Amino acid sequence: MFRDADQAIRFAFAMRGKTVLSRMRFSPSVAGRSSPDKLTMYDFHAMAAMIHAVINRQPLKQQAAVLLHYGNKQERMMAAEILAKGSALPKFIGNRDQLRSAIASRTVRELAKECSLTQYRAWKVRREVWGIVGPHLIAAHERVAEWMGVAPD
């Protein structure tokens, strides 16, 4: 069903906000009909729940890397807090709050604004931040790919 772990994790995070039942009308003739070869919304939610279960069984830093990459703003801030603990400060970052902001930022421009850096320095910091986050995210992808039985991306 999925090409790789990234696609599966994106699917699982996209399904979190979807409801199982929509506002469609149920009539007796339509409600009983279903094709055995088509997946229902319940099947999609079950797949998303299984993917989330695999992610939740991983170490805390790997879970945080997944939340940082795929989660919403609150999840990114929480994940940045977890990933900033125990990490060395990059060259142009002065304190843990700036590191947390640098990790949680989505773009280099946002990082430059949040940490009061030039674009050049923001790119340097972004590279060092990826050195903190990247190994955990790659390990999480490998675990999900192993569970799915596909080659890691």
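Which of the residues belonging to segment 48-87 are in contact (Cβ under 8 Å) with a residue 40 or more places away in the chain and among the basic types (Lys, Arg)? Matches in segment 48-87: Lys61 only. Looking at Arg96, Arg109, just one residue is among the charged types (D, E, K, R) and modelled with pLDDT of 90 or more, and that residue is Arg109. Residues satisfying the criterion are present in segment 86-102 (criterion: touching a Lys or Arg at 6+ places or on another chain (Cβ under 7 Å), surrounded by fewer than 17 Cβ atoms within 10 Å (Cβ to Cβ) and of a type in the set (D, E, K, R)). All conditions but one from (1) over 13 Å from Trp130 (Cα atoms); (2) part of a helix (DSSP H, G or I) apply to Leu39; the one that does not is (2).
The set of residues in segment 103-122 being of a type in the set (Val, Ile, Thr) and surrounded by fewer than 20 Cβ atoms within 10 Å (Cβ to Cβ) consists of Thr107, Val108, Thr118. Taking every residue in segment 88-100 that is under 14 Å from Lys124 (Cα atoms) and pairing it with any residue that is hydroxyl-bearing (Ser, Thr, Tyr) and surrounded by 12 or more Cβ atoms within 10 Å (Cβ to Cβ), at least 6 positions away or on another chain, the pairs with Cβ-Cβ distances below 7 Å are Leu99/Ser87. Quick check: is even one residue across segment 117-124 within 19 Å of the chain's Cα centre (by Cα), farther than 24 Å from Gln58 by Cβ and among the aliphatic types (A, V, I, L, M)? The answer is no; no qualifying residue exists.
The values are calculated or read from the model by the stated rules, or taken from the named source; none is laboratory data. Nothing here was measured: the structure is a model prediction, and the numbers come from that model. Ideal geometry is used to build each Cβ from the backbone, glycine not excepted, and the neighbour counts take in all protein chains shown.
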